[in-house]
Amino acid sequence: MKTPTSTHCKTCLARNTGSFAKISPQGWTEFQRFCSSNTYAKGNIIFYANNQPLGLFFLCSGKVKVVKSAFGVRAHIPRVIKAPDLLGDRAFISGELYSGTGVAMEPSHICFLDAAHMNRIFAKEPAFWQFMARRFADELGAAEDRMVDLALKTIRERLAKYLLALSGPDEDGRGVRVELEESRQETAEILGTTTEAICRTLAEFRSRRWISIKGPFVLIQDPERLRQLAGLPAASL
C-alpha cells in the first residue's frame, strides 16, 4: 500500500539513526521528494531472489528476513533486518542479483529510491558512503563468525549463543528475560537446523533449569552456564 512520502518523512523516527543519520539536510529533502513509501503486512514479499535490484530499500519501521532456499525445499535465514536499516544494499551496490528473498516478518514501513535518483543524490553524500564501507566490513566479519558457528558449533552451542545475544540486563535478580519474536521454524532457519532440533534443545535447557519458557518468552535462569556452553567469556562483575 503506497502512502504519501512527504507526510511520513517529516515525522520519521529513523531520520537521525543508522544510515539515515548520514544523509545531509539537502540530501534528505531530495530523498523525500523522489522516494516512494509503502507499507507491508506480515508475510509480504519486498524483493525476490535472482531479481535485478532497481534501487535501494530503506526500512523505516518493522522487521524483514532474507530467506534463501535450496532447490525450493529447505530454507535458511542468513539475515534478519530490524528498522531503521537498509535492504538489498549489497546486491544493489555490487550490481548483482538478489541472493535471497526479502519477507516482512511484521507490519513494516519501507521507502524505495530508484537507481537513477539514488546515484545522483548520494553522489553528493560522502559521509553516507563512509558509513556504508564500515557497514560492509562489519557485515563481512559477522558473516565469517556465522560460517564458523555453522561449521564448528553444535546446535546446543548455537542456540545458547543466540539466546544470550537476544538477552538484556538482569533487572530483578531472577534471570534474564528474552522474547523469541521469531517462530520455532524461523529460529531453526536462522541457526541452520530443524524445528524439531530447536524444540528438543529448548526442552533440554528447561529440564536442566538453565531456562524457563512461557509462550514466546524465555527466562534465562543460568546465563553463566549458557555462556560456558556457547564458548563465550564470563560476564564481568
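Some points to look at:
- Extending 7 Å from Cα along the Cβ direction at Leu232 and again at Glu196 yields two label points whose distance is 2.9 nm.
- Accessible area in square angstrom per residue, segment 23-146, 1.4 angstrom probe: 50 Å²
- Considering only Phe136, Phe31, Cys111, the residue lying farthest towards the positive end of the dipole of the chain is Cys111, judged by Cα position with unit charges set on Cβ.
- Intensity falloff of the chain expressed as log10 I(q)/I(0), Debye formula with alpha-carbon point scatterers, at q = 0.07, 0.09, 0.10 Å⁻¹: -0.28, -0.46, -0.56
- Accessible area per residue (1.4 Å probe, heavy atoms of protein chains only) ranks Thr201, Thr39 as Thr39, Thr201, with the largest value leading.
- Spacing of the two label points (7 Å from each Cα toward its C-beta) at Ile213 and Glu144, in nm: 3.5 nm
- FRET E, pair Arg184, Ala123, Förster distance 45 Å, beta-carbon r, rounded to 0.05: 0.50
- Placing dummy labels 7 Å off each Cα toward the beta-carbon, the span from Ala49 to Ala21 is 3.4 nm.
- The GluC sites (Glu not before Pro) of segment 132-220 that DSSP puts in a loop, and whose beta carbon has at most 10 other beta carbons within 10 Å, are Glu171.
- Surface accessible to a 1.4 Å probe, Arg79 within the full protein complex, Å²: 70 Å²
The values are calculated or read from the model by the stated rules, or taken from the named source; none is laboratory data. Remember, predicted model here, so these are calculated numbers, not experimental data. Heads up, the Cβs are rebuilt from the backbone with ideal geometry, glycines too, and the neighbour counts pull from every protein chain shown. These area figures cover heavy atoms from the full protein model, side chains too; ligands, DNA and RNA do not enter into them. Shrake-Rupley method; radii C 1.70, N 1.55, O 1.52, S 1.80 Å.
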